[in-house]
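As structure tokens, the structure follows; a few thoughts come after it.
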2 protein chains.
Amino acid sequence: MGSTAGNKGTRGRRERLRAETTAEIKEVALALMASGGPDAITLRAIAREMGMTANAIYGYFATRDDLVSTLIDDVYTALADAVDAAWQASSGKDAATRVHAWADAFRDWALAHPEGFRLIYGDPVPGYQAPPGGPAPDAARRVCTGLAGLAAEAWPWAEPLYADSDFTWSDFDPALLDKLRPAFPGLPPAAVALALRIWGRLHGLVSLEIYGHLRGQTPSPDKLFHEELAQLVRALGLSPRA
Amino acid sequence: MGSTAGNKGTRGRRERLRAETTAEIKEVALALMASGGPDAITLRAIAREMGMTANAIYGYFATRDDLVSTLIDDVYTALADAVDAAWQASSGKDAATRVHAWADAFRDWALAHPEGFRLIYGDPVPGYQAPPGGPAPDAARRVCTGLAGLAAEAWPWAEPLYADSDFTWSDFDPALLDKLRPAFPGLPPAAVALALRIWGRLHGLVSLEIYGHLRGQTPSPDKLFHEELAQLVRALGLSPRA
DNA sequence: GCCGAAACTATACGGTGTGAAGTTTTGATA
DNA sequence: TATCAAAACTTCACACCGTATAGTTTCGGC
């Protein structure tokens, strides 16, 4: 099985063209989304842009929702990459600084890709549930793992503050724990709960901002976010210096 | 101008019928939304349900987006009513209990009306910005005012914890302050910032839950929310008893 | 040069929001 | 009570959407 001897180039050509077309469809779709929101992702508009027929896209994606969920996969992965990179880049710094680095990367990415954020955290495909094994849930767990990294980094200081947490391992999805426990062997359930709550705090302000609900209340969402971060750092038992 | 003498009944009839039809359109639209999400709100489906033609609805709403934003107004107002009622009902209790009451009312409403929550905080009408004077921004400010009530209630204990806040009145929208400052005369800018941050914390976990992003991580979003609440109460300087 | 698969197009159907024009209903008036 | 104008509603039309089916073109491998 596999390629006929010596024909790697030719068989590769078809595949390459196919990959390029697939990539172009996604690119155009992302551009449409960036300029007109998720609803602007239209098979006909994409095809128009590419000089094709809308039906040609069905050779690459079974359905529009399929295309959109592939986009979600890509975009969510990009977000996870961004925060992971910020985390890596802050390696060696003190815990408070690293928390700021992670959180800022999260918000900065969201502000730079508001439509991407909506794509991930809104539901552009109503009623859609990502397939359990797919890249999107994986990216979500990468984000959670990153947050668990924050919690783990801060845990030496934070632990006494969360002594009354009554979380147990059974309070978390096994698939999440499969990623988390090997990465952070000493981390107790309380710290995982802390990670999810940190997610909530960051997601809350950022999503209010992205969806415009802060606009009518404050012209300084930046300041608000950073004060929230300062308080978060304090709630982790870290010294507020950054 | 006004009604012809003695004809109040007849002129009132037209208006009553019109009001009833308007109400029925909204009812049917909400029912469609509840069963099939915001995208199920379709002029034709509404008309079908009502035994009318889709175009007849244009006599009541200028456009579909108009109808949807009217729904947003209504639903947001209902949410504001719900949290306000819980706040009133907890009057006299201690601050920690009242914080719990408000927050639980918020989350309970969201869980009871997930589509309504999505309608308010997602953006079913892409690119839509609520008219500045309309009911939706007003409801948003009612929610913020409620949150400021929490902050005000807790402020005697919380104040020393937020001494380093550098917020000033210019960091908030005048329309918000117009509602807030008369209601809570002694409240400093730091407390308003605190209110908005509390909003973020509550909104974060609830919206992650409503949009299903917590489902893959924990089977106990309840527990998570209540631990978050306990920590919030602690961060307000209140004793964690409830 | 030929073949078969892959890529793509043409056509069609049912759905959507919405505009323009015509029809019916109905409350006020002469 | 007959009439009339406005309001309510329907009909028709258009452009757009996703998508199924069938037909056509393209092109690598023999």
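List of remarks:
- For chain B, the relative contact order is 19 percent, taking Cα pairs closer than 8 Å that sit 6 or more residues apart in sequence and dividing their mean separation by the residue count.
- Dipole orientation for the protein assembly as shown: of the candidates A:GLY149, B:THR42, B:VAL206, B:THR42 has the Cα lying most toward the positive pole (charges on Cβ; Lys, Arg +1; Asp, Glu -1).
- Cα gyration tensor, the stretch B:193-242 - rounded (a/c under 1.5), prolate or oblate: oblate
- With contributions of -39500 (n - 2.57) from each DSSP H run of at least four residues, the per-residue ellipticity at 222 nm computed over chain B stands at -22500 deg cm²/dmol.
- Among the lysines of the protein assembly as shown, pairs at least eight places apart or on separate chains and with Cα atoms under 26 Å apart come to 6.
- Three-way shape call for the stretch B:51-152 based on the alpha-carbon gyration tensor, with the a/c threshold at 1.5: prolate
- About the Cα centre, charge dipole magnitude for the stretch B:72-172 (Lys/Arg +1, Asp/Glu -1 at Cβ), debye: 160
- Approximating the spin labels as points 7 Å out from Cα along Cα→Cβ, the B:GLN88-to-A:ASN55 distance works out to 6.1 nm.
- Exam field: B:LYS179 pseudo-label spacings to other copies (7 Å along Cα-Cβ), nanometres: 3.8
- Its residue count N fixes a reference of 2.2 N^0.38 Å for the stretch B:93-171, and the Cα radius of gyration divided by that reference is 1.37.
- The distance linking the stretch B:187-209 with the stretch A:28-106 is 28 Å (Cα centroid to Cα centroid, whole angstrom).
- Among A:GLY133, A:ALA163, A:HIS100 - extreme Cα towards positive end, dipole of chain A, charges at beta-carbon: A:GLY133
- Local net charge near B:LEU161, Cβ-Cβ under 14 Å (Lys/Arg +1, Asp/Glu -1): -1
- Structural descriptor for the stretch A:90-226: relative contact order 28 percent, calculated from alpha carbon pairs under 8 angstrom and at least 6 residues apart.
- In sequence order, calculated HN-Hα J values of the stretch A:140-156 (Karplus, 6.51, -1.76, 1.60; Hz; x Gly/Pro): 4, 6, 5, 4, 4, 5, x, 5, 5, x, 4, 4, 5, 4, 8, 4, x
- Counted residue by residue at 0.36 nm each, then reduced by the alpha carbon distance between them, the extension gain from B:ASP108 to B:HIS226 reaches 41.3 nm.
- Peptides B:208-214, B:158-164, A:13-19 ranked from most to least packed by the mean count of surrounding Cβ atoms within 10 Å: B:208-214, B:158-164, A:13-19.
- By the equivalent-ellipsoid construction on the alpha carbon gyration tensor, chain A comes out with semi-axes of 38, 23, 16 Å, ordered largest to smallest.
- Charge-dipole axis of chain A as Lys and Arg at +1 and Asp and Glu at -1 on Cβ define it, positive-most pick from A:VAL83, A:PHE225, A:SER69: A:SER69
- Virtual spin-label span in nm between A:THR168 and A:ARG181, 7 Å along Cα→Cβ: 1.4
- Computed from the alpha carbon atoms alone, the convex hull of the stretch A:133-241 holds 117 Å³ per residue.
- Rounded to the nearest 10 degrees, the angle from helix B:8-36 to the longest Cα principal axis of chain B is 60 degrees.
- Cα shape, the protein assembly as shown, gyration tensor, a/c 1.5 rule: oblate
- Other protein chain C-beta atoms within 10 Å of residue C-beta, averaged over A:226-235: 4.
- Here each label is just a point 7 Å from Cα along the line to Cβ, and for A:SER35 and B:ARG48 those points are 3.4 nm apart.
- Using C-alpha pairs under 8 Å with a sequence gap of at least 6, the mean separation divided by the residue count of the stretch B:40-170 gives a relative contact order of 26 percent.
FYI, it's all coordinate maths here, none of it is from the lab. As the structure is a computational prediction, the values presented were derived from the model and not from experiment. Cβ sites come from the backbone with ideal geometry, for glycine too, and all protein chains shown count toward neighbours.
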